[in-house]
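The values are calculated or read from the model by the stated rules, or taken from the named source; none is laboratory data. Every value quoted in this text rests on a predicted model; they were computed, and no experiment measured them. For neighbour counting, all protein chains shown are included, and Cβ atoms are generated from backbone atoms with ideal geometry for every residue, glycine included.
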Amino acid sequence: MCAEFLHSASVLRINPKRTVLRPYFFTSKVMGQAQSHITRAQHICQYILGLSFDECHLRLTELSQGFISGHPHARKYFLERFEDVKKLVGPYFGGMDDIEDPHAALIGAYFCREYAFEAAAVMNPSIVTHPDQTGLVDGATRFCLSVRCVGEGHLSTLAFRSVLILEDGTIELEPEPPFAVEACPLAHATAGPVTLVRPDGLSLFATVIFPITSSQAMGIEDLRLVEFTQENGETVYLGTYTAYSGSETTTELFETTDFQTIQLTPLQGAASAYKGLALFPRRINGYYAAIGRLDLENLHYLETKDPRVWNYGQTLLSPRHGWELVQIGTCGPPIELDEGWLLLIYGVGAMRRYGLGAVLLDKSDPRKVLARSKAPLLAPQADTREGYVPNVIHSCGSIRHKDRVIIPYAVAESSIRFVSVTISSLLADLRGGQ
């Protein structure tokens, strides 16, 4: 028996026009090590300081009429960047203390660039109910979609999009903001934990989270978000993601109550060395619980008193069928149903072909597997096979909405699509596969 999947017409594709302003030319680390960079920066500053007020103003106006018109906060960013330049170049170059706009802004502009954060790929979404449900038509619900984006240099960042589900089940992407900005750490840090704040007055959907610490240097990847219900009934948004340093991967914790202030914390314990840890949306028998890896082959059920420390657990799933022999992993946090815990999984088979399946776990004791996909529920088809990474479909989190499960999933890491399925037909498919 086949589950009744309904595919949405909404598709989120890469958009090279989506850019943020970022530092350019040097970083504090490089400046501290390479005198040649300091010398070049001095020459730039000296040249601009030799310009008149009117000349600086004219050049900033020319910038504003071009690509910077899409960044309404550019002037403020230039001045902030100038302060970075002054701190690093000032000790080697005099005359930097009393510079005012527009000279300061123009100097800052020379040390900035536009970065197209999703020009190469968008992938591996997860979804939670958005805390703001205002301004919607009757019967509609707003959801927050987390998206892993890849830009120049294969740098992975985290962005968000607003998704609406209408009364009739139609899935719509709300228009993206006309510009994007980088989330700001409260303090400079080379190691976690880190607290980020969303710039005042800006939408979450205009906010991009870039790597901050050395463990994240080349990417923040695959956030698996969940609405976690605390014992007092309050909701906190938790998620695990992969921090990639360029040579090593570790798992870290994303935590927020309102998406205005976000805490990023490295995890500890044996499971923190593996990707794909998926948190349950509430405590199980008094413990935080998760499905994750403790080796490169199996999935395990883990429990802990401290959500920042995950150690050993019990083997839950091992590769069984041909479509998952190479690898199995989680497609996001388990979903609570009356019948048990629904866990979406992915499998990798021949030719690195991915497929999405599901498992039903016992509600009171998730160590017990009640039903499991024999064949993939979703797999790459002729029109969803090619892209940045061929033959791959993947999700990092789905959600229950009324009598259906909504599954956002990445296609060849080049676009994100949406499918929904009735809970009854999905469970029938699982049970029929046993």
Filter the stretch 272-302 down to the residues that are of a type in the set (D, E, K, R) and within 22 Å of residue 223 (Cβ to Cβ), then identify the one that is nearest to the chain's Cα centre (by Cα). 275
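Conditions (1) in contact with a helix residue (DSSP H, G or I) (Cβ under 7 Å, 6 or more places away or on another chain); (2) basic (Lys, Arg); (3) modelled with pLDDT of 80 or more; (4) under 22 Å from residue 208 (Cβ atoms), marked per residue:
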| position | (1), (2), (3), (4) |
| --- | --- |
| 66 | no, no, no, yes |
| 91 | no, no, no, no |
| 101 | yes, no, yes, no |
| 108 | yes, no, yes, yes |
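For the stretch 374-401, how many residues meet the condition of being assigned to a strand (DSSP E or B) and either surrounded by 15 or more Cβ atoms within 10 Å (Cβ to Cβ) or more than 23 Å from the chain's Cα centre (by Cα) (or both)? Break it down into steps so the answer makes sense when it comes.
First, the residues of the stretch 374-401 that are assigned to a strand (DSSP E or B): 378, 393-394, 399-401.
Next, only the ones that are either surrounded by 15 or more Cβ atoms within 10 Å (Cβ to Cβ) or more than 23 Å from the chain's Cα centre (by Cα) (or both) stay: 378, 393-394, 399, 401.
Here the count works out to 5.
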Only one of 180, 187, 206 is of a type outside the set (Val, Ile, Thr) and more than 21 Å from residue 127 (Cβ to Cβ); which? 187
It is to be established whether one or more residues within the stretch 406-426 are surrounded by fewer than 16 Cβ atoms within 10 Å (Cβ to Cβ) and in contact with a strand residue (DSSP E or B) (Cβ under 6 Å, 6 or more places away or on another chain). no
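Need at least 2 residues that are touching a residue at least 60 places away in the same chain (Cβ under 8 Å) per element, so show me which strands (runs of 3 or more DSSP E) inside the stretch 172-249 make the cut, counting only ones lying wholly within it. Give the derivation first.
Working: elements: 194-197, 207-209, 219-229, 235-244.
Fully inside the stretch 172-249 and qualifying: 194-197, 219-229, 235-244.
Which strands (runs of 3 or more DSSP E) sit wholly inside the stretch 304-357 and have at least 1 residues that are closer than 25 Å to residue 256 by Cα and of a type in the set (Asp, Glu)? Steps first, answer last, please.
Values: elements: 314-317, 327-330, 335-337, 340-348.
Once the strands (runs of 3 or more DSSP E) in the stretch 304-357 are filtered for at least 1 residues that are closer than 25 Å to residue 256 by Cα and of a type in the set (Asp, Glu), what remains is 335-337.
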Checking the structure you have, find out if any residue of the stretch 404-412 is part of a loop (DSSP other than H, G, I, E, B) and either out of contact with any Phe, Trp or Tyr (no Cβ under 6 Å at 6 or more places or on another chain) or on the phi > 0 side of the Ramachandran plot (or both). yes
Expected single match for of a type in the set (A, V, I, L, M) and more than 20 Å from the chain's Cα centre (by Cα) among 416, 407, 423 is 423
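Determine whether residue 355 is closer than 21 Å to residue 6 by Cβ and modelled with pLDDT of 95 or more. Working first, answer last.
Values: closer than 21 Å to residue 6 by Cβ: yes; modelled with pLDDT of 95 or more: yes.
Considered against the rule, which asks whether it is closer than 21 Å to residue 6 by Cβ and modelled with pLDDT of 95 or more, residue 355 comes out as yes.
Would you point out the residue of the stretch 232-261, among those that are among the charged types (D, E, K, R) and surrounded by fewer than 14 Cβ atoms within 10 Å (Cβ to Cβ), that is farthest from residue 125 (Cα to Cα)?
234
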Close pairs from the stretch 316-338: first in the same structural domain as residue 125 (by TED's automatic domain parsing), partner among the aromatic types (Phe, Trp, Tyr) and not in a strand (DSSP E or B), Cβ under 7 Å, at least 6 apart: 333/280; 334/280
Given (1) modelled with pLDDT under 95; (2) in contact with a strand residue (DSSP E or B) (Cβ under 6 Å, 6 or more places away or on another chain), where does residue 303 come up short, assuming only one miss? (1)
Options 313, 340: the member that is modelled with pLDDT under 95, crowded, with 20+ Cβ neighbours inside 10 Å and more than 24 Å from the chain's Cα centre (by Cα): 313
Out of curiosity, is residue 273 more than 21 Å from residue 159 (Cβ to Cβ), exposed (fewer than 15 other Cβ atoms within 10 Å of the Cβ) and among the small types (Gly, Ala, Ser)? yes
